[in-house]
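Some notes on the structure that comes next.
The values are calculated or read from the model by the stated rules, or taken from the named source; none is laboratory data. Small disclaimer: the values here were computed from a predicted structure and weren't measured. We place every Cβ from the backbone using ideal geometry, glycine too, and count neighbours over all the protein chains shown.
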Ligand SMILES: Nc1ncnc2c1ncn2[C@@H]1O[C@H](COP(=O)(O)OP(=O)(O)OP(=O)(O)O)[C@@H](O)[C@H]1O
Ligand SMILES: [Mg+2]
(Lines give C-alpha, C1' and ligand atoms only; values in the text may rest on other atoms or scores of the structure.)
(Ligands and ions follow the chains in the order given, each with its own letter.)
Protein backbone atom coordinates (compact mmCIF):
# COMPACT_ATOMS: atom_id res chain seq x y z
CA UNK A 1 0.00 0.00 0.00
CA UNK A 2 2.74 2.42 1.16
CA UNK A 3 4.91 1.57 -1.82
CA UNK A 4 2.02 2.01 -4.22
CA UNK A 5 1.34 5.46 -2.76
CA UNK A 6 4.99 6.48 -3.13
CA UNK A 7 5.06 5.28 -6.75
CA UNK A 8 1.95 7.32 -7.44
CA UNK A 9 3.50 10.45 -5.92
CA UNK A 10 6.66 9.92 -7.97
CA UNK A 11 4.58 9.49 -11.12
CA UNK A 12 2.61 12.65 -10.39
CA UNK A 13 5.85 14.61 -9.88
CA UNK A 14 7.21 13.22 -13.14
CA UNK A 15 4.04 14.21 -15.01
CA UNK A 16 4.12 17.67 -13.46
CA UNK A 17 7.75 18.07 -14.59
CA UNK A 18 6.83 16.95 -18.11
CA UNK A 19 3.99 19.48 -18.24
CA UNK A 20 6.19 22.37 -17.10
CA UNK A 21 9.07 21.48 -19.44
CA UNK A 22 7.02 21.08 -22.64
CA UNK A 23 7.85 24.14 -24.68
CA UNK A 24 5.11 25.95 -26.58
CA UNK A 25 6.00 27.48 -29.92
CA UNK A 26 2.75 29.40 -30.40
CA UNK A 27 -0.06 30.22 -28.01
CA UNK A 28 -3.14 32.16 -29.08
CA UNK A 29 -5.89 33.10 -26.64
CA UNK A 30 -9.32 34.39 -27.59
CA UNK A 31 -8.03 36.25 -30.62
CA UNK A 32 -10.45 38.36 -32.65
CA UNK A 33 -9.56 40.57 -35.60
CA UNK A 34 -11.73 43.18 -37.29
CA UNK A 35 -10.74 44.81 -40.56
CA UNK A 36 -12.84 47.64 -41.99
CA UNK A 37 -15.41 47.05 -39.22
CA UNK A 38 -15.84 43.44 -40.41
CA UNK A 39 -15.12 40.49 -38.11
CA UNK A 40 -12.43 38.44 -39.89
CA UNK A 41 -11.24 36.18 -37.06
CA UNK A 42 -13.65 35.22 -34.29
CA UNK A 43 -12.31 34.15 -30.90
CA UNK A 44 -9.44 31.89 -32.01
CA UNK A 45 -7.52 29.94 -29.37
CA UNK A 46 -4.76 27.42 -29.96
CA UNK A 47 -1.57 26.11 -28.42
CA UNK A 48 1.20 24.40 -30.38
CA UNK A 49 4.13 22.44 -28.90
CA UNK A 50 7.71 22.73 -30.18
CA UNK A 51 8.91 21.54 -32.57
CA UNK A 52 5.65 21.01 -34.42
CA UNK A 53 4.53 20.59 -38.01
CA UNK A 54 1.13 22.28 -38.19
CA UNK A 55 -1.13 23.18 -41.10
CA UNK A 56 -4.13 25.46 -41.52
CA UNK A 57 -6.77 24.84 -44.18
CA UNK A 58 -9.86 26.85 -45.07
CA UNK A 59 -11.67 28.42 -48.04
CA UNK A 60 -10.75 31.71 -49.75
CA UNK A 61 -11.38 34.63 -47.43
CA UNK A 62 -11.39 32.38 -44.32
CA UNK A 63 -8.83 34.61 -42.60
CA UNK A 64 -5.77 32.34 -42.98
CA UNK A 65 -3.40 35.08 -44.16
CA UNK A 66 -4.87 37.46 -41.58
CA UNK A 67 -4.09 34.92 -38.85
CA UNK A 68 -0.45 34.58 -39.99
CA UNK A 69 -0.06 38.37 -40.16
CA UNK A 70 -1.51 38.72 -36.67
CA UNK A 71 1.00 36.15 -35.36
CA UNK A 72 3.74 38.25 -37.00
CA UNK A 73 2.43 41.41 -35.34
CA UNK A 74 1.70 43.05 -38.72
CA UNK A 75 -2.06 43.13 -38.02
CA UNK A 76 -3.25 44.25 -34.58
CA UNK A 77 -6.10 42.18 -33.14
CA UNK A 78 -9.22 43.73 -31.66
CA UNK A 79 -8.82 41.45 -28.64
CA UNK A 80 -6.83 38.45 -27.48
CA UNK A 81 -3.23 37.42 -26.93
CA UNK A 82 -0.46 35.92 -29.08
CA UNK A 83 2.73 34.45 -27.59
CA UNK A 84 5.69 33.03 -29.52
CA UNK A 85 7.91 30.92 -27.26
CA UNK A 86 6.40 32.75 -24.29
CA UNK A 87 7.10 36.20 -25.77
CA UNK A 88 4.15 38.54 -26.15
CA UNK A 89 3.87 39.49 -29.85
CA UNK A 90 1.76 42.57 -29.05
CA UNK A 91 3.67 43.78 -25.99
CA UNK A 92 7.18 42.91 -27.17
CA UNK A 93 7.04 42.76 -31.00
CA UNK A 94 10.80 43.19 -31.59
CA UNK A 95 11.75 40.21 -29.42
CA UNK A 96 8.97 38.01 -30.82
CA UNK A 97 9.80 38.96 -34.43
CA UNK A 98 13.36 37.61 -34.00
CA UNK A 99 11.94 34.13 -33.43
CA UNK A 100 9.89 33.86 -36.59
CA UNK A 101 10.55 33.48 -40.31
CA UNK A 102 7.81 34.28 -42.85
CA UNK A 103 7.24 33.07 -46.40
CA UNK A 104 4.36 35.19 -47.74
CA UNK A 105 1.69 34.10 -50.20
CA UNK A 106 3.61 34.20 -53.50
CA UNK A 107 0.84 35.69 -55.62
CA UNK A 108 0.82 38.67 -53.26
CA UNK A 109 4.54 39.51 -53.61
CA UNK A 110 6.44 41.02 -56.50
CA UNK A 111 7.85 38.05 -58.40
CA UNK A 112 9.51 40.06 -61.11
CA UNK A 113 11.92 42.17 -59.06
CA UNK A 114 15.25 42.48 -60.93
CA UNK A 115 17.26 41.19 -57.95
CA UNK A 116 19.88 38.48 -57.80
CA UNK A 117 18.97 35.37 -55.79
CA UNK A 118 21.60 36.17 -53.11
CA UNK A 119 20.18 39.69 -52.73
CA UNK A 120 16.68 38.29 -52.14
CA UNK A 121 18.06 36.03 -49.37
CA UNK A 122 20.16 38.88 -47.91
CA UNK A 123 16.94 40.89 -47.55
CA UNK A 124 15.98 38.43 -44.81
CA UNK A 125 18.88 39.78 -42.72
CA UNK A 126 19.24 43.36 -43.92
CA UNK A 127 15.56 44.23 -43.44
CA UNK A 128 15.97 43.47 -39.72
CA UNK A 129 18.94 45.83 -39.28
CA UNK A 130 18.95 49.41 -38.05
CA UNK A 131 19.29 52.12 -40.72
CA UNK A 132 21.66 52.34 -42.58
CA UNK A 133 20.94 48.72 -43.51
CA UNK A 134 24.33 47.47 -44.70
CA UNK A 135 25.15 43.82 -45.42
CA UNK A 136 28.51 42.57 -44.13
CA UNK A 137 30.56 39.50 -45.20
CA UNK A 138 29.02 37.40 -42.45
CA UNK A 139 25.54 38.14 -43.85
CA UNK A 140 26.64 36.98 -47.30
CA UNK A 141 28.05 33.75 -45.84
CA UNK A 142 24.81 33.11 -43.94
CA UNK A 143 22.82 33.73 -47.14
CA UNK A 144 24.94 31.25 -49.11
CA UNK A 145 24.51 28.72 -46.29
CA UNK A 146 20.71 29.16 -46.39
CA UNK A 147 20.71 28.75 -50.19
CA UNK A 148 22.71 25.56 -49.79
CA UNK A 149 20.17 24.23 -47.31
CA UNK A 150 17.34 24.64 -49.83
CA UNK A 151 19.48 23.18 -52.65
CA UNK A 152 19.75 26.45 -54.60
CA UNK A 153 23.50 27.25 -54.33
CA UNK A 154 24.10 26.98 -58.06
CA UNK A 155 21.51 29.71 -58.73
CA UNK A 156 23.06 32.25 -56.32
CA UNK A 157 24.03 34.72 -59.08
CA UNK A 158 20.89 34.25 -61.22
CA UNK A 159 18.11 36.79 -61.40
CA UNK A 160 15.24 35.80 -59.08
CA UNK A 161 12.73 36.62 -61.85
CA UNK A 162 14.34 34.01 -64.16
CA UNK A 163 13.60 31.12 -61.78
CA UNK A 164 10.65 28.72 -61.93
CA UNK A 165 7.84 28.93 -59.35
CA UNK A 166 9.29 26.08 -57.27
CA UNK A 167 12.81 27.57 -57.36
CA UNK A 168 11.50 31.00 -56.32
CA UNK A 169 9.66 29.39 -53.43
CA UNK A 170 12.87 27.66 -52.27
CA UNK A 171 14.72 31.00 -52.39
CA UNK A 172 11.94 32.62 -50.34
CA UNK A 173 12.26 29.82 -47.78
CA UNK A 174 16.02 30.52 -47.64
CA UNK A 175 15.23 34.23 -47.08
CA UNK A 176 12.97 33.27 -44.16
CA UNK A 177 15.57 30.85 -42.71
CA UNK A 178 18.63 33.08 -42.96
CA UNK A 179 17.83 34.87 -39.68
CA UNK A 180 17.71 31.45 -37.94
CA UNK A 181 14.10 31.52 -36.69
CA UNK A 182 12.63 29.00 -34.24
CA UNK A 183 9.31 28.91 -36.10
CA UNK A 184 8.62 29.27 -39.82
CA UNK A 185 5.25 30.53 -41.11
CA UNK A 186 4.45 29.77 -44.74
CA UNK A 187 1.43 31.04 -46.67
CA UNK A 188 0.46 28.67 -49.51
CA UNK A 189 4.01 27.37 -50.15
CA UNK A 190 2.77 24.82 -52.72
CA UNK A 191 0.81 27.29 -54.81
CA UNK A 192 1.92 27.47 -58.48
CA UNK A 193 4.73 25.01 -57.77
CA UNK A 194 5.12 21.83 -59.85
CA UNK A 195 4.65 18.38 -58.29
CA UNK A 196 8.35 17.50 -57.89
CA UNK A 197 9.10 20.87 -56.26
CA UNK A 198 6.11 20.36 -53.95
CA UNK A 199 7.59 17.05 -52.78
CA UNK A 200 11.03 18.67 -52.37
CA UNK A 201 9.59 21.53 -50.27
CA UNK A 202 7.46 19.15 -48.16
CA UNK A 203 10.53 17.01 -47.34
CA UNK A 204 12.60 20.13 -46.67
CA UNK A 205 10.04 21.40 -44.14
CA UNK A 206 9.92 18.02 -42.44
CA UNK A 207 13.74 18.02 -42.19
CA UNK A 208 13.63 21.52 -40.70
CA UNK A 209 11.38 20.26 -37.93
CA UNK A 210 13.18 16.99 -37.24
CA UNK A 211 16.84 17.94 -37.74
CA UNK A 212 16.90 21.67 -37.03
CA UNK A 213 14.08 21.73 -34.46
CA UNK A 214 12.30 24.55 -36.26
CA UNK A 215 8.52 24.54 -35.90
CA UNK A 216 6.56 24.78 -39.15
CA UNK A 217 3.14 26.39 -39.49
CA UNK A 218 1.79 26.47 -43.02
CA UNK A 219 -1.39 27.49 -44.76
CA UNK A 220 -2.39 25.41 -47.76
CA UNK A 221 -5.40 24.47 -49.87
CA UNK A 222 -3.91 21.06 -50.51
CA UNK A 223 -2.14 19.15 -47.77
CA UNK A 224 -1.67 15.78 -49.46
CA UNK A 225 2.04 16.35 -49.96
CA UNK A 226 2.55 16.99 -46.23
CA UNK A 227 -0.22 14.96 -44.64
CA UNK A 228 2.19 12.28 -43.39
CA UNK A 229 4.33 14.95 -41.66
CA UNK A 230 1.54 16.98 -40.05
CA UNK A 231 1.21 16.72 -36.27
CA UNK A 232 -1.72 19.12 -36.04
CA UNK A 233 -4.22 20.16 -38.71
CA UNK A 234 -6.53 23.13 -38.24
CA UNK A 235 -9.66 24.01 -40.19
CA UNK A 236 -10.32 27.74 -40.15
CA UNK A 237 -13.29 29.66 -41.44
CA UNK A 238 -13.41 32.87 -39.41
CA UNK A 239 -13.72 30.58 -36.38
CA UNK A 240 -11.51 27.60 -35.58
CA UNK A 241 -13.82 24.85 -36.83
CA UNK A 242 -11.65 21.85 -35.90
CA UNK A 243 -8.14 21.03 -34.73
CA UNK A 244 -6.45 17.64 -34.39
CA UNK A 245 -4.68 14.82 -36.21
CA UNK A 246 -5.32 14.99 -39.96
CA UNK A 247 -6.94 11.54 -40.16
CA UNK A 248 -9.26 12.41 -37.24
CA UNK A 249 -10.64 15.68 -38.58
CA UNK A 250 -10.53 15.11 -42.36
CA UNK A 251 -14.18 14.04 -42.19
CA UNK A 252 -17.15 14.71 -44.44
CA UNK A 253 -19.18 16.49 -41.73
CA UNK A 254 -16.29 18.74 -40.63
CA UNK A 255 -15.37 19.58 -44.25
CA UNK A 256 -18.98 20.59 -44.90
CA UNK A 257 -18.80 22.96 -41.93
CA UNK A 258 -15.62 24.50 -43.35
CA UNK A 259 -16.32 24.58 -47.07
CA UNK A 260 -20.11 24.32 -47.25
CA UNK A 261 -22.39 21.69 -48.74
CA UNK A 262 -20.60 21.66 -52.11
CA UNK A 263 -17.64 19.69 -50.77
CA UNK A 264 -16.98 16.06 -51.64
CA UNK A 265 -14.32 13.92 -50.00
CA UNK A 266 -12.60 11.34 -52.15
CA UNK A 267 -10.22 8.83 -50.62
CA UNK A 268 -7.80 7.17 -52.99
CA UNK A 269 -4.74 5.06 -52.17
CA UNK A 270 -4.89 6.23 -48.55
CA UNK A 271 -4.92 9.91 -49.56
CA UNK A 272 -7.79 12.30 -48.92
CA UNK A 273 -8.99 14.84 -51.44
CA UNK A 274 -11.55 17.50 -50.60
CA UNK A 275 -13.14 18.65 -53.82
CA UNK A 276 -14.45 22.21 -53.67
CA UNK A 277 -14.87 25.06 -56.09
CA UNK A 278 -12.06 26.72 -54.22
CA UNK A 279 -8.59 26.83 -55.76
CA UNK A 280 -5.74 29.19 -56.33
CA UNK A 281 -4.78 27.53 -59.61
N1 LIG B 1 -6.56 45.07 -45.14
C2 LIG B 1 -7.81 44.61 -45.18
N3 LIG B 1 -8.87 45.44 -45.01
C4 LIG B 1 -10.12 44.96 -45.04
N5 LIG B 1 -10.44 43.67 -45.24
C6 LIG B 1 -9.43 42.80 -45.43
C7 LIG B 1 -8.05 43.23 -45.42
N8 LIG B 1 -7.28 42.13 -45.62
C9 LIG B 1 -8.13 41.09 -45.76
N10 LIG B 1 -9.40 41.49 -45.66
C11 LIG B 1 -10.59 40.62 -45.73
O12 LIG B 1 -10.46 39.64 -44.72
C13 LIG B 1 -10.98 38.39 -45.14
C14 LIG B 1 -9.92 37.33 -44.94
O15 LIG B 1 -8.83 37.57 -45.83
P16 LIG B 1 -7.53 36.64 -45.83
O17 LIG B 1 -6.64 37.19 -46.88
O18 LIG B 1 -7.01 36.53 -44.46
O19 LIG B 1 -8.17 35.25 -46.25
P20 LIG B 1 -7.43 33.91 -46.71
O21 LIG B 1 -8.06 32.80 -45.93
O22 LIG B 1 -5.96 34.06 -46.61
O23 LIG B 1 -7.91 33.78 -48.22
P24 LIG B 1 -7.12 33.20 -49.51
O25 LIG B 1 -7.36 31.70 -49.48
O26 LIG B 1 -7.82 33.82 -50.66
O27 LIG B 1 -5.68 33.57 -49.44
C28 LIG B 1 -11.40 38.59 -46.60
O29 LIG B 1 -12.80 38.80 -46.60
C30 LIG B 1 -10.67 39.84 -47.03
O31 LIG B 1 -11.41 40.53 -47.99
MG1 LIG C 1 -4.45 34.01 -47.95
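Every residue, every condition in (1) farther than 27 Å from residue 254 by Cβ; (2) more than 10 Å from ligand 1 (Cβ to nearest atom); (3) over 15 Å from the mean Cα position of the chain (by Cα), yes or no:
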{"site": "38", "(1), (2), (3)": "no, no, yes"}
{"site": "45", "(1), (2), (3)": "no, yes, yes"}
{"site": "58", "(1), (2), (3)": "no, no, no"}
{"site": "65", "(1), (2), (3)": "no, no, no"}
{"site": "70", "(1), (2), (3)": "no, no, no"}
{"site": "77", "(1), (2), (3)": "no, yes, yes"}
{"site": "85", "(1), (2), (3)": "yes, yes, no"}
{"site": "89", "(1), (2), (3)": "yes, yes, yes"}
{"site": "92", "(1), (2), (3)": "yes, yes, yes"}
Check: Across the stretch 224-237, what is the total count of residues that are surrounded by fewer than 22 Cβ atoms within 10 Å (Cβ to Cβ) and either within 16 Å of ligand 2 (Cβ to nearest atom) or free of Cβ contacts under 8 Å to residues at least 24 places away in the same chain (or both)?
Finding: 2
Check: Restricting attention to the stretch 106-118, does a residue exist that is within 16 Å of ligand 1 (Cβ to nearest atom), outside any loop (DSSP other than H, G, I, E, B) and touching a helix residue (DSSP H, G or I) at 6+ places or on another chain (Cβ under 7 Å)?
Finding: yes
Margin query: Anything in the stretch 141-177 that is without any contact (Cβ under 8 Å) to a residue 24 or more places away in the chain and under 19 Å from residue 113 (Cβ atoms)? List them, or say none.
Written below: 162
Notebook entry, point to check: With respect to the numbered conditions (1) within 24 Å of residue 238 (Cβ to Cβ); (2) surrounded by fewer than 18 Cβ atoms within 10 Å (Cβ to Cβ); (3) modelled with pLDDT of 95 or more, which one is the sole condition not fulfilled by residue 148?
Noted result: (1)
Next item on the list: Would you be able to say whether some residue in the stretch 112-129 is surrounded by fewer than 19 Cβ atoms within 10 Å (Cβ to Cβ) and under 21 Å from residue 191 (Cα atoms)?
Entry: yes
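On the basis of being assigned by TED's automatic domain parsing to the domain that holds residue 244, away from ligand 1 (no atom under 16 Å from the Cβ), over 17 Å from residue 57 (Cα atoms) and surrounded by 15 or more Cβ atoms within 10 Å (Cβ to Cβ), does residue 160 make the cut?
No; evaluated as a whole, the condition is false for this residue.
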